[in-house]
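Contents: one structure, followed by commentary.
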Amino acid sequence: MDENREKRKRLRAVLSFVIMAVLLVVLFFAAINIGSLKVSFAELMRGLFVERIDEVATIYDLRFPRIIISMLAGAAIAVSGVLFQAVLKNPLADPGLIGISSGASFAAVLITAFAPGLYFFTPLVAFFGGVIAFLMVYCLSWKGGLSPLRIILTGVAVDALFTGLSSAFNSMSGGNMSGVASIVEANITQKTWDDVTTLVPYVVAGLFLACLFIGECNLMSLEDKTARSLGLNVNATRIVISLIAVLLASISTAIAGAISFLGLIVPHIGRILVGSDHRALIPFSALAGAFTFLLADTIGRTVAAPYEISAAVVMSVVGGPFFIILLRRSKKYGD
């Protein structure tokens, strides 16, 4: 009976991976063709690889960077959520909810406003902002241990602080700094291939590091005493994995802006479909995160066309009720 159950679980996990990959490919090509300019698949391939076609060139310059950034940022934020939930032993942990994204966003706003020539290093500066926010949450919520509820409440306060600072800075600039405004409002409308070039190496490095610590993430889901008895240095591992999670969340925030609930929703869906083993959960969350963010951005630019709704707003509308449902269904978040 147990063997059959395990086979069904593995089959469901494999099917989930295949279906998610197919959905991502379908959405990718659909997003390319959604808008005032439309081309057939044959024209797209010919314009990309054979000859210049003006419509394809326009789509390549305007839509492709936005789509790729959505996929990269979505994958990074989702995996960041998985890592935070593992090290904090808190399934409600999300880089947007606990203030990491807003801290990174504020740091990115500062460098964009005062040192635009250092744009390529914006993700690194955002990373330090995310680290500061995480340390604030970790230290302020520590009271003889870490309570999941206390982490969330402290994170909300830290998030409000940095979000307020970013908004105030944007208002003081008169809203005329397009780079600052795009980070504060999580607007990826005008993103270019330069933004893609900036984001790619950091995301690839962060995801690679996350994959290196898959085994440790599985051990971190155990009680600390049990993990120590298996030879794991729990405190050092918690710090390293947390830094990787902060890196993934911060680099995405630096380019795409602060996105809440993505790092909460996707890991939960992943656990339902592929289980809690991080060997499957991390790669599936990367796929599902890319799909979810791209879907949110695609909905945002079509539902009120010709106007656009930020993907961050779409995620908040969907993620808010999802968060409330998770909180009400759980019995272990009270002190």
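The values are calculated or read from the model by the stated rules, or taken from the named source; none is laboratory data. All figures in this text were calculated on a predicted structure; none of them were measured in a lab. All Cβ positions, glycine included, derive from the backbone under ideal geometry; neighbour counts span all protein chains shown. Protein only, heavy atoms only, side chains kept; ligands, DNA and RNA dropped before computing areas. Shrake-Rupley method; radii C 1.70, N 1.55, O 1.52, S 1.80 Å.
Note on region 245-269: residues that are open to solvent by 10 Å² or more (accessible area, probe 1.4 Å) and not polar (S, T, N, Q) amount to 6.
Can you confirm whether V156 is touching a residue at least 60 places away in the same chain (Cβ under 8 Å) and farther than 26 Å from L287 by Cα? Spelling it out, it is not the case that V156 is touching a residue at least 60 places away in the same chain (Cβ under 8 Å) and farther than 26 Å from L287 by Cα. For region 278-331, a residue qualifies if it is over 19 Å from T253 (Cβ atoms), under 16 Å from the mean Cα position of the chain (by Cα) and not in a helix (DSSP H, G or I), but none of them does. Considering region 110-132, the residues that are open to solvent by less than 50 Å² (accessible area, probe 1.4 Å) and without any contact (Cβ under 8 Å) to a residue 40 or more places away in the chain include one that is nearest to the chain's Cα centre (by Cα), namely I111. Determine, yes or no, whether K143 is closer than 25 Å to S70 by Cβ, modelled with pLDDT under 85 and basic (K, R). Here the answer is no, as K143 does not meet what is asked. Screening V196 on (1) at pLDDT below 85; (2) of a type in the set (A, V, I, L, M); (3) closer than 26 Å to L294 by Cβ shows it passes everything except condition (1). If you go through region 11-59 and pick out every residue that is of a type in the set (F, W, Y) and free of Cβ contacts under 8 Å to residues at least 24 places away in the same chain, you end up with 3. Taking the criterion of being open to solvent by 20 Å² or more (accessible area, probe 1.4 Å) and either of a type in the set (K, R) or not in a helix (DSSP H, G or I) (or both), the residues of region 133-143 that qualify are W142, K143. The single condition among (1) open to solvent by 50 Å² or more (accessible area, probe 1.4 Å); (2) within 21 Å of V196 (Cα to Cα); (3) touching a Gly at 6+ places or on another chain (Cβ under 9 Å); (4) in contact (Cβ under 8 Å) with a residue 12 or more places away in the chain that L62 does not satisfy is (4). There is at least one residue in region 247-259 that is under 18 Å from F128 (Cβ atoms), among the hydrophobic types (A, V, I, L, M, F, W, C) and not in a helix (DSSP H, G or I). Here is the figure for region 272-297: residues that are touching a Lys or Arg at 6+ places or on another chain (Cβ under 9 Å), surrounded by fewer than 24 Cβ atoms within 10 Å (Cβ to Cβ) and charged (D, E, K, R) total 0.
Would it be correct to say that A227 is under 22 Å from G129 (Cα atoms) and assigned to a helix (DSSP H, G or I)?
Values: under 22 Å from G129 (Cα atoms): no; assigned to a helix (DSSP H, G or I): yes.
Here the answer is no, as A227 does not meet what is asked.
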